[in-house]
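Peer 1: Take a look at the following structure, please.
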Amino acid sequence: MSEDLEFAFALVLNGASIGLMYSLIALGFVLVYKATDAINFAQGEFVMLAGLIVAVVLGFEGAPLVAAIAIVVIVMVGFGFGLERVVLRPLLGRPVVAVIMATIGLAAMLRGLGPVIFGSETRAVSLPIGDEPIVLGPASLPPIQVLGAVVAVLLFLAFSWFFKKSRMGVAMRAVADNQQVAQAMGINVERYFALAWAMAGVVSALGGVVWGSMLGVDVHLALVGLKVFPVVILGGLDSIGGALVGGLIIGIVESLAAGYLDPYVGGGTKDFAPYVLMILVLMVRPYGIFGKRKIERV
């Protein structure tokens, strides 16, 4: 293999691993949208909150990692249930924009309260995976990226089965399609709304552990949520598989832009290249590559 091909392969493999980690956060968007037909703009802040909690728990001397992960999952599930019950349930039946504005306000509140409660210093989340790069051909990947990619794939497989094969998953899809019809068929809409936010809490908990270990945890970790907007736009808000593929595309585009364009322009291309791609896709397929085109009678 020539040096050029080895370089390209290394960029693609590195981008794919990062892209799968983006998909892990994007999964939270998709879960909420599939069940409630609303977008959670606070998903990045959920990841930040989960990372802060696990970092605080691990800060206690002798605290085992398994216990820290279990605690953050339980807390985030409870947070999801509480959020739906206190903030979002009163908005049931209101226009979707009301829920969107509520999540935007929640995001701002969490970004402000995070440093107040947990402090502004960057906290580390140490995982027992070592720092020795994992060599895959010409590519050397940090162990945390490989772990994040594996976690993302496992979650995508689990939730794909859930929505396609389980009774609860099918019921959640029915709620997203038409809340009134689902309620008339005996489906408890409020229960499935709460379940969707709890599931998003689980995804946020695992995302906070992985991303916190990679970047450290502070208020800036919430900005990772902005990175996944192109992911869900490309893949489609209502497609779990689309979020996976969208993450791979965005991660690879970022990596290729950094590898081939940064030397000519001085850097920074990976920060805007995904948004350029997102705009181009919106011009052709505004519902995403794998999203379903909705046709409504007016």
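The values are calculated or read from the model by the stated rules, or taken from the named source; none is laboratory data. Not measured: the values here are computed from a predicted model. A quick note on method: Cβ atoms are made from the backbone with ideal geometry, for glycine too, and the neighbour counts reach across all protein chains shown. Each accessible area value is taken on the protein alone, full model and side chains, heavy atoms only, with ligands, DNA and RNA left out. Shrake-Rupley method; radii C 1.70, N 1.55, O 1.52, S 1.80 Å.
Peer 1: Are there any pairs with C-beta distances below 7 angstrom linking a residue in the range 225-240 that is under 9 Å from ALA26 (Cβ atoms) and among the hydrophobic types (A, V, I, L, M, F, W, C) to a residue that is assigned to a helix (DSSP H, G or I) and open to solvent by 10 Å² or more (accessible area, probe 1.4 Å), with the two at least 6 apart or on different chains, and if so which?
Peer 2: What qualifies is VAL228/TYR22; VAL231/TYR22.
Peer 1: Can you name the condition, by its number, that SER140 falls short on among (1) surrounded by 14 or more Cβ atoms within 10 Å (Cβ to Cβ); (2) polar (S, T, N, Q); (3) over 24 Å from GLY80 (Cα atoms)?
Peer 2: (1)
Peer 1: Please count how many residues of the range 243-268 are within 15 Å of the chain's Cα centre (by Cα), over 15 Å from PHE29 (Cα atoms) and open to solvent by less than 30 Å² (accessible area, probe 1.4 Å).
Peer 2: 2
Peer 1: Any idea which of (1) at pLDDT below 80; (2) more than 25 Å from PHE79 (Cα to Cα); (3) hydrophobic (A, V, I, L, M, F, W, C) is the one LEU141 doesn't satisfy?
Peer 2: The number of the failed condition is (1).
Peer 1: Out of everything in the range 13-62 that is of a type in the set (Phe, Trp, Tyr) and in contact (Cβ under 8 Å) with a residue 60 or more places away in the chain, what residue ends up being nearest to VAL232 (Cα to Cα)?
Peer 2: Result: PHE29.
Peer 1: May I pose another question? If you take the residues in the range 75-103 that are under 18 Å from the mean Cα position of the chain (by Cα) and at pLDDT 90 or above, which one is least open to solvent (accessible area, probe 1.4 Å)?
Peer 2: Checking each candidate, the answer is MET76.
Peer 1: Checking the conditions here, which among GLY51, GLY28, GLY19 is touching a strand residue (DSSP E or B) at 6+ places or on another chain (Cβ under 9 Å) and small (Gly, Ala, Ser)?
Peer 2: Values: GLY28 fails: touching a strand residue (DSSP E or B) at 6+ places or on another chain (Cβ under 9 Å); GLY19 fails: touching a strand residue (DSSP E or B) at 6+ places or on another chain (Cβ under 9 Å).
Going through GLY51, GLY28, GLY19 in turn, the sole match is GLY51.
To keep it simple, each residue is scored yes or no on (1) at pLDDT below 85; (2) open to solvent by 70 Å² or more (accessible area, probe 1.4 Å); (3) out of contact with any Lys or Arg (no Cβ under 6 Å at 6 or more places or on another chain).
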residue: ILE187; (1), (2), (3): yes, no, yes
residue: PHE193; (1), (2), (3): yes, no, yes
residue: MET199; (1), (2), (3): no, no, yes
residue: GLY241; (1), (2), (3): yes, no, yes
residue: ILE279; (1), (2), (3): no, yes, yes
residue: ILE289; (1), (2), (3): yes, no, yes
residue: ARG293; (1), (2), (3): yes, yes, yes
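Peer 1: Would you pick out the residues in the range 60-72 that are open to solvent by less than 40 Å² (accessible area, probe 1.4 Å) and either assigned to a loop (DSSP other than H, G, I, E, B) or within 22 Å of ALA107 (Cα to Cα) (or both)?
Peer 2: Matches in the range 60-72: ALA63, VAL72.
Matching residues to (1) open to solvent by 60 Å² or more (accessible area, probe 1.4 Å); (2) not acidic (Asp, Glu):
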site	(1), (2)
GLU121	yes, no
GLY130	no, yes
GLN145	no, yes
ALA152	no, yes
SER160	no, yes
LYS164	yes, yes
ASP177	yes, no
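Peer 1: Test of understanding: among LEU215, LEU234, LEU226, which residue is open to solvent by 10 Å² or more (accessible area, probe 1.4 Å), within 27 Å of LEU147 (Cα to Cα) and at pLDDT below 85? Walk me through it before giving the result.
Peer 2: Numbers: LEU215 fails: at pLDDT below 85; LEU234 fails: open to solvent by 10 Å² or more (accessible area, probe 1.4 Å).
Unique residue meeting the criteria: LEU226.
Peer 1: Residues that are open to solvent by 30 Å² or more (accessible area, probe 1.4 Å) and β-branched (Val, Ile, Thr): does the range 37-59 have at least one?
Peer 2: Yes, the range 37-59 contains at least one residue that is open to solvent by 30 Å² or more (accessible area, probe 1.4 Å) and β-branched (Val, Ile, Thr).
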